[in-house]
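Comments concern the structure below.
What follows draws every value from the coordinates through simple rules; no lab data is involved. The shown structure was predicted, so the numbers you read here are calculated from the model rather than taken from an experiment. Cβ coordinates were reconstructed from backbone atoms using ideal geometry, including for glycine residues, and neighbour counts include every protein chain displayed.
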Amino acid sequence: MKKFILFAVFLSLTGIAWAGPREATQDRLDHAGAVLREVMAAPDRGIPEDVFRHAKCIAVVPHLLKGGFIVGAENGRGVATCRTASGWSAPAFFTITGGNWGLQIGVEGIDLVMVIQGDKGMERLVSSKFEIGGDASAAAGPIGRHASADTDWKLNTEILTYSRARGIFAGVTLDGAVIRRDDDSTEAMYGHEIPTRRILMGDVPAPAPAEAFLDAVRSAKVQAHNGD
């Protein structure tokens, strides 16, 4: 009985459900949009307006699993969109895995938001695989309504990372985490495999189930520009 309960908890934390692949992928899109809306609703404690205004792409991993019993680790599935000439692209799906050796007890589900900056950062995202901190520079993003003028986040960092756990939103470092394209989720949503580059460059129309997520991104952009 105890083993069954532990297994059920693990399923809930990792986002694995008994629903079909398309339903699970749509659920991830909906949760990602909800995370972004909640973050932008409290700008004094979330992503600064200036940071979002300069973003090339936005990536969200709802309920990333962190922690372990002997080896700390990250594991999750996320969704991303990039700016194009005609607006925000259709969503592309990815996985994030990584580890940090050390004694940790228990697990913790967090919401992860990554703000990708500049053309170089965007190039990293549209590739099929890259390592945070290795292939792409990353740093914990600034917090608050306005990013401090004396920081170098605009010039020297390709990815700004944020996490939210137990209602607290803060910058987080993810050095060593590896991001790969998620072919299973892509096929579940689009019906066949599509290169991440084609999706994020705007060559693929957004499917109807992605509208709630994209609307959250568009709303966040408007809010950042208006300074609400």
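Before moving on, here are some points about what is shown:
- Between the beta carbons of residue 85 and residue 34, assuming R0 = 30 Å, the FRET efficiency works out to 0.60 to the nearest 0.05.
- Stretching residue 127 away from residue 41 to a fully extended chain increases their span by 27.8 nm, per 0.36 nm per residue minus the current alpha-carbon distance.
- In this rough spin-label picture, where each label sits 7 Å from Cα along the Cβ direction, the residue 184-residue 137 distance is 3.5 nm.
- Proxy reagent accessibility, fewest Cβ within 10 Å first, across 158, 211: 211, 158
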